[in-house]
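The values are calculated or read from the model by the stated rules, or taken from the named source; none is laboratory data. The shown structure was predicted, so the numbers you read here are calculated from the model rather than taken from an experiment. All Cβ positions, glycine included, derive from the backbone under ideal geometry; neighbour counts span all protein chains shown. In case anyone asks, the SASA skips ligands and DNA or RNA and just uses the protein heavy atoms, side chains included. Shrake-Rupley method; radii C 1.70, N 1.55, O 1.52, S 1.80 Å.
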Amino acid sequence: MRSPLLIPLVLLFTACSDEPPPPTPTPLVEIAAVTSESRVLTVRTSGRISRKAEVPLSFKTGGIVSAVLADEGQRVRRGQVLARLDMGEVDARVSQAQRR
C-alpha cells in the first residue's frame, strides 16, 4: 500500500534541485528585403449581370407574338413599337367575350 505522502514528497524534492532549468532555444528568424509586387486575383462566381436602368417590358394583352421589331440590347425610344401580336387570337377572345 502506498503512503499518501509519497507523491507530495517526490514533487518537493524534484522542485528543490539546485540545477537551473535548461535554456529555451532561441527561435531562428529569417530576414528578407521588402519588395512591391502586383497580383491578379481570379474570382469565379455566378450571378446575373444587368444594367442600372432596366425596364421590364410587357403587353397589355396576352397573345402570340407575330413579329419582334427590336433586338436585345438595342436602344429604343418611348412609344417605339417593339413587337406585334397575332391579332387573330386576340380578336377571337374579344368575339367570345362579346357573345356572353
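Once both labels are positioned 7 Å from their Cα atoms along Cα-to-Cβ, the gap between residue 44 and residue 78 label points is 4.6 nm.
Three principal axis extents describe the C-alpha atoms of the range 32-73; from largest down they are 73, 18, 16 Å. When 28, 5, 41, 85 are compared by accessible surface with a 1.4 Å probe, the order from highest to lowest is 28, 41, 5, 85. Computed from label points 7 Å out along Cα-Cβ, the spacing between residue 96 and residue 26 is 9.5 nm. Using a probe radius of 1.4 angstrom, the carbon and sulfur fraction of the accessible surface of the chain is 57%. Taking amide H as placed 1.01 Å from N in the peptide plane, residue 85 has its amide H under 5 Å from the amide H of 66, each at least 5 places away in sequence or on another chain. In this structure residue 7 has an accessible area near 120 Å², from a 1.4 Å probe over the protein heavy atoms.
What you get for the range 28-97, charging only the Cβ of Lys and Arg (+1) and of Asp and Glu (-1), is a dipole of about 320 debye around the Cα centre.
Projecting the Cα atoms of 62, 35, 94 onto the charge dipole of the chain, computed from C-beta unit charges around the Cα centre, puts 94 farthest toward the positive end. In a shell of Cβ-Cβ distance under 15 Å around residue 74, excluding residue 74 itself, what net charge do Lys and Arg (+1) and Asp and Glu (-1) give? Within the 15 Å Cβ shell, the charges total +1. Put simply, the Cα atoms of the chain extend 113, 56, 18 Å along their principal axes, the longest span coming first.
Largest first, the residues 82, 6 sort by 1.4 Å accessible area into 6, 82.
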